[in-house]
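The values are calculated or read from the model by the stated rules, or taken from the named source; none is laboratory data. Only a predicted model underlies this, so the values are computations on that prediction, with no experimental measurement involved. Here Cβ is always computed from backbone atoms with ideal geometry, including for glycine, and neighbour counts include all displayed protein chains.
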Amino acid sequence: MEIANYIILFVSGMILTGAGAMRVVKPAGSYCLQSYLGKPGVKLEDDVDMLSEMRGAGALTLLTGLIALAGLASPRVMPASFAAAGLIFLGFGLGRVISLAVDGRPNRDLINGTIAELVFGTLNIGCLAILLT
């Protein structure tokens, strides 16, 4: 099980760090905005409020990814790494499930992202629970 912990933390940390860094560096180019930017008349690239929101969420995601990766180097940090990664993934995933119920069905890519977020969130919280027993 120990190897699985490291694999889950590594993959989680890389996903969170990569997605977070992309949103901080180039928020309008973020994958989550591609469906909006493809619509005629939508100009999010110059929306300062949207850029601020994207960079803020991106920085949180980036730092959580770094915390997840720090768990690879220190067994003492590993529980916090699983907790942080699990909360971010489940937070995004559950928020999207609520949106699905309230707002309707998004595009297929967002549905796939929701599934991945729920899976990685569950894996991280599951590893945390096992680690603490």
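Scanning region 73-93 for residues that are surrounded by fewer than 16 Cβ atoms within 10 Å (Cβ to Cβ) and assigned to a helix (DSSP H, G or I) yields Ala73, Pro79, Ala80, Leu87, Gly91. Inspection of region 109-121 identifies at least one residue that is assigned to a helix (DSSP H, G or I), out of contact with any Leu (no Cβ under 9 Å at 6 or more places or on another chain), closer than 19 Å to Ala4 by Cβ and aliphatic (A, V, I, L, M). One residue stands out among those in region 1-19 that are aliphatic (A, V, I, L, M) and under 19 Å from Gly29 (Cα atoms): the one that is surrounded by the most Cβ atoms within 10 Å (Cβ to Cβ), which is Leu16.
From the list Ser99, Ser52, the lone residue that is at pLDDT 95 or above and either in a helix (DSSP H, G or I) or in contact with a strand residue (DSSP E or B) (Cβ under 7 Å, 6 or more places away or on another chain) (or both) is Ser99. Can you name the residue in region 80-133 that is under 11 Å from Leu9 (Cβ atoms) and not small (Gly, Ala, Ser) and, of all such residues, is nearest to the chain's Cα centre (by Cα)? This residue is Phe120.
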